[in-house]
Every structure is written in structure tokens, then in C-alpha cells.
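What follows is a set of notes on a single structure, which appears directly below.
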Amino acid sequence: NRIDARQREADLGQWMIRSTDGGVTWSARYSSIVNSPHGPIQLSDGRLLYAGKELWTGEKRMGVCESLDDGQTWRWLASIPAREGDDVQKGYHELHAVETTDGRIIVQIRNHNKTNAGETLQTESTDGGKTWSVPHPIGVWGLPSHLLRLRSGKLLMTYGHRRPPFGNQARVSDDGGKTWSEPMVISGDGAGGAD
């Protein structure tokens, strides 16, 4: 309420700030084009890849951006298609990516569409993020996920579990995200609430 509608409109966007001195000082904000809570990842070719959504500006696209200068500037790389009948703006949220040992890129999506509501969806790219498969369910109820490639090459997926046991769970993939293990409960003593 301290600013007027025009000022609020000017402040809408997807912003990033940067520190080059270990967090002592920070740059002015600049556009990252997309937003997602876990942020960008670094690919084996040195690029930064940011999977997310345009929340407040532009065409409200869902997809990936890339940076060729260590995150100083971002450019749109590609859209991720939606499944037939899904609503990108209301149903897809909080994307995160990981690169597999064979160079594929996997993005997982928090899904709130009617089909597979509350499940994680996954999409893959085999060409460095230029094109993406249609998102598909992977049989994991829980969200949002964070992805990490371990030194062994296995993929680790951690996510919130929002029904008993409330808490956090993890799964591992031995085959680059094609299949995922049974859940491992990290914490199962969380306070419950509505989905």
C-alpha cells in the first residue's frame, strides 16, 4: 500500500541480483526472464540454464532461458509444451532441471492440473534445451522437486510429501531419470494441512 498501482506494475517481473564478492555487496536487480524457487543450473558446456515461468510479464510462457556469461544476462531458449488439456498458468509451477551423465536435460514440474493433480511431471531435452518432450507423470505423488546429479551419476530427487506421512521424501534414479526408486522418507513428522 506504500506505492501506487503504476509503481507496482513497474516492479512486477522476474528479477535476479548478483554478488561477485561473496555476498558482501549486490548488483541492482535485472531480469532473469523466468522464475522458479530452486534457480538455475550449470550445464557441462558451461552455460547456465534456468527452467521456469514468466510469472508477471511477457507472454506468461513456461520454458528455459540460458546465460552464456555466468548469469549476467539471460535470453529465452525454448518453450516447454503443455500436455493436452493442461493449463500452464494455473497448473504448472516451480520447475527444476538437472543434466544427466549422457547429456540429456530433465525438468520436473509441480503439477496442479486435474490430471495427475499433486504429482510431479517430467519433460526431457536431448538437444541442450532447444526442444522438450510433452510433460508426463513419473508416478511420484509429491512436490515441488529438487534435482541433483550425484558423483556416481545417479540422480537424486527430493520433494515435499503433503499427505501422511507429512514431510520430505527422496527418490533415486539409476538410469538418468527414466525410472525412479521407491520413496525414502527423510522426515515424516511434519504438520499436516490442506493440499
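The values are calculated or read from the model by the stated rules, or taken from the named source; none is laboratory data. Values in this document were obtained by computation on a predicted structure and should not be read as measured data. Reconstructed Cβ throughout: ideal geometry from the backbone, glycine too, with neighbour counts over all protein chains shown. These area figures cover heavy atoms from the full protein model, side chains too; ligands, DNA and RNA do not enter into them. Shrake-Rupley method; radii C 1.70, N 1.55, O 1.52, S 1.80 Å.
Annotations
- Options 108, 33, 65, ranked by Cα towards positive dipole end of the chain, top entry (Cβ charges): 33
- Surface share of carbon and sulfur [accessible, 1.4 angstrom probe, percent] for the chain: 50
- Among 181, 27, 36, residue whose mean-square fluctuation peaks in a GNM of the chain (springs only between Cα atoms under 10 Å): 27
- Gaussian network model of the chain, springs between alpha carbon atoms under 10 Å - residue of 85, 177, 167 with greatest fluctuation: 85
- The residues of the chain expose, per residue, 55 Å² of accessible area to a 1.4 Å probe.
- Under a Gaussian network description of the chain, with springs only between Cα atoms under 10 Å, the residue in 123, 179, 131 that fluctuates furthest is 179.
- Computed 3J(HN,Hα) for segment 114-128, one whole-Hz value per residue from the Karplus formula 6.51 cos²θ - 1.76 cosθ + 1.60 where θ = phi - 60°, is 4, 6, 6, 4, x, 9, 7, 9, 9, 10, 10, 10, 10, 10, x, glycine and proline marked x.
- For segment 65-106, pairs of C-alpha atoms spaced more than 14 angstrom apart make up 67 percent of the total.
- (i) 17.5, 53; (ii) 16.6, 56; (iii) 18.7, 61, with the label sought being that of the calculated Rg and Dmax of the Cα atoms in Å: (i)
- In the chain, lysine pairs closer than 17 Å at Cα, eight or more apart or cross-chain: 5
- Residue 152/residue 29 FRET efficiency (R0 35 Å; Cβ-Cβ; nearest 0.05): 0.40
- When the helices of the chain are scored as -39500 (n - 2.57) per DSSP H run of n ≥ 4 and the total is divided over every residue, the value at 222 nm lands at -1000 deg cm²/dmol.
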